[in-house]
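A.B. asks: Dumping the structure here so I can ask a few things about it.
The values are calculated or read from the model by the stated rules, or taken from the named source; none is laboratory data. If you're wondering where the values come from, they're calculated on a predicted model, not measured in any experiment. Methodologically, a virtual Cβ is constructed for each residue, glycine included, from the backbone with ideal geometry; neighbour enumeration extends over all protein chains shown. All accessible areas refer to the heavy atoms of the entire protein, side chains included, with ligands and DNA or RNA removed. Shrake-Rupley method; radii C 1.70, N 1.55, O 1.52, S 1.80 Å.
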Amino acid sequence: MEDETEQRPESLLPYEDWIETAMRQVVAQAVAYVAANGLPGEHHFYLTFRTDHPGVVIPPRLRAQYPQEMTIVLQHQFWDLKMDAEAGLISVGLSFGGVPAALAVPLEAVTGFADPHVRYGLRFRVASVPMVAETPEPERPASEDAESEHAESTEQEETPQVVSLDAFRRRPPSKE
């Protein structure tokens, strides 16, 4: 029987980074599929991203309202959805309070992705933006079309399964 206190050696290969990159490609492929084919059936996406991440393009009023993080809903009323795989950039048109807006979000700015219809979700870390303490309540999705609001209220009972990489990350041994 192995001693459970024995530590694994420190990896010189960035496995955690590779896993995170591969999981971001799931988001890229889902967005690219929907951009080309539309949303199938009852599928819809919640996309959470850092608004303060370099390369994020949103209207100034939205940046003021959501200075750090924002969640958008891609369900019924969106247009010009594109996934630029080479640039790693998602772009989409949405209405906020009846005012149309164009958004551009680098994949690296994405902190969460969910498809509540199938209870699927992913969480990501964003290394280049300093993380601040989380607020007790998650922000509501910013898209304000009536159908998304209705879907949001009916989806609250069903929590998507979120895969967190934290459970798979090895922590350095504490130096006591």
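A.B. asks: Collect the residues in the stretch 39-82 that are farther than 12 Å from L103 by Cβ and of a type in the set (K, R), keeping them in residue-number order.
C.D. replies: Correct list: R50, R61.
A.B. asks: Looking at (1) surrounded by fewer than 19 Cβ atoms within 10 Å (Cβ to Cβ); (2) touching a residue at least 60 places away in the same chain (Cβ under 8 Å), which is the one condition that is false for E69?
C.D. replies: (1)
A.B. asks: Turning to a different aspect of this structure: Do you know which residues across the stretch 97-112 are in contact with a Phe, Trp or Tyr (Cβ under 6 Å, 6 or more places away or on another chain) and either under 13 Å from V31 (Cα atoms) or outside any strand (DSSP E or B) (or both)?
C.D. replies: Correct list: V105, A109, V110.
A.B. asks: Within the stretch 113-124, how many residues turn out to be hydrophobic (A, V, I, L, M, F, W, C) and in a strand (DSSP E or B)?
C.D. replies: Let us first name the residues in the stretch 113-124 that are hydrophobic (A, V, I, L, M, F, W, C), namely 113-114, 118, 122, 124.
Filter again for in a strand (DSSP E or B), leaving 113-114, 122.
Residues flagged as hydrophobic (A, V, I, L, M, F, W, C) and in a strand (DSSP E or B) within the stretch 113-124 amount to 3.
A.B. asks: Give the residues of the stretch 75-104 that are surrounded by 21 or more Cβ atoms within 10 Å (Cβ to Cβ) and either touching a Lys or Arg at 6+ places or on another chain (Cβ under 9 Å) or of a type in the set (D, E) (or both), sorted by residue number.
C.D. replies: I90, V92
A.B. asks: How many residues, within the stretch 15-42, are open to solvent by less than 50 Å² (accessible area, probe 1.4 Å), more than 16 Å from the chain's Cα centre (by Cα) and over 16 Å from I90 (Cα atoms)?
C.D. replies: Looking only at that region, the number is 0.
A.B. asks: I'm trying to understand the selection: among the residues of the stretch 95-124, which are among the small types (G, A, S) and under 9 Å from the mean Cα position of the chain (by Cα)?
C.D. replies: Matches in the stretch 95-124: A109, G112, A114, G121.
A.B. asks: Looking at the stretch 43-53, can you tell me whether even one residue there is farther than 24 Å from I19 by Cα, open to solvent by less than 20 Å² (accessible area, probe 1.4 Å) and either hydrophobic (A, V, I, L, M, F, W, C) or part of a helix (DSSP H, G or I) (or both)?
C.D. replies: no
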